[in-house]
């Protein structure tokens, strides 16, 4: 296994299989890339995964864009499973999931993250520009039936848009046996000055404090040391809520063990860095490993302890 200069092990890949989506969420960061039509082939993805696996990587998450726009996603997962014995997961908007959940599970997918940023139909349309909340719920049910577990529901908390839906989302996810993942609307240092960030950013420490007071127990996810609260929903059911709070959070960055792969065939060290892309496309295994090693060595926690005092 490779370690960066800050002692962080590199054991996880986040692979962007495409950079296009059928939803148009206004806050989408497209995994730190611009929307484009460039994609790696299934063979190219497998080769990069195989090299990484030989060097300690044992977890993979597939993202987009919207990954299910790729018709060969099941093949990509099956190829990945040949090299990864650990967790393989997928983030999707679930629009196409109903028909493909079983096939994804059979290909080797363990679990799934489903983006659902509102439980209110009109708000869902405002955020995504698509009238598809019913299809997302059908996708969730299909994932449950297929045995993709645990299911996480990704909910980006947006000030003035959906922060008043958190309790309703806790009720909804607990009824499905899913984990609610509350995600902070994040940006880089320059982006903090933008109008959209000032308008929509909601400090998740507010929610952390409230959940902490009500929690029956608290766990920590090894990735980013994220807090996971076990609480009781308003309907009296067990509920689990995980907090993804990266903004000016040094602890989050200090526990990052993941390298990104872009749809163009680049290792990307961090979502917030636009200056650290290391292309491996067209290289042989030795070239891929050299590029992988360079990217790991270049990793630096984006947010440091000094950043927290000014937040």
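A short reminder: the numbers here are calculations on the coordinates, not readings from a lab. Fair warning: this is a prediction, and the values are worked out from it, not measured in the lab. Here the Cβ is made from the backbone with ideal geometry for all residues, glycine too, and neighbour counts use every protein chain on show.
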* Asked: If you average 1/r over every pair of different alpha-carbon atoms in the range 12-308 and take one over that average, what Kirkwood value in Å do you get?
  -> 19.7 Å
* To do: Pull out the extension gain between residue 122 and residue 305, defined as 0.36 nm times the separation in residues minus the alpha carbon to alpha carbon distance; nm, one decimal.
  => 61.9 nm
* Asked: With the contact rule set at Cα under 8 Å and sequence spacing of 6 or more, what percent relative contact order holds for the chain?
  -> 19 percent
* Asked: Which of 80, 257 comes first, and how do the rest follow, when ranked by fewest Cβ neighbours within 10 Å?
  -> 257, 80
* Asked: Ranking 305, 31 by Cβ neighbours within 10 Å, fewest first, what do you get?
  -> 305, 31
* For the range 31-142, the spread of Cα positions along each principal axis, largest first, Å -> 47, 31, 23
* Asked: Taking the Cα-to-Cβ direction at residue 214 and at residue 189 and moving 7 Å from each Cα, how far apart do the two end points lie in nm?
  -> 3.7 nm
* Sort 45, 206, 183 so the one with the fewest other Cβ atoms within 10 Å of its own Cβ comes first. => 206, 183, 45
* How much mean residue ellipticity at 222 nm does the chain get from its helices, if each DSSP H run of length 4 or more adds -39500 (n - 2.57) and you divide by all residues, to the nearest 500 deg cm²/dmol? -> -9500 deg cm²/dmol
* Output the peptides 219-227, 116-124, 243-251 sorted from most to least packed, where packing is the average of other Cβ atoms within 10 Å over each peptide's residues. => 243-251, 116-124, 219-227
* Structure fact -> the chain: antiparallel bridges as % of DSSP beta bridges, rounded to 5, reads 35 percent
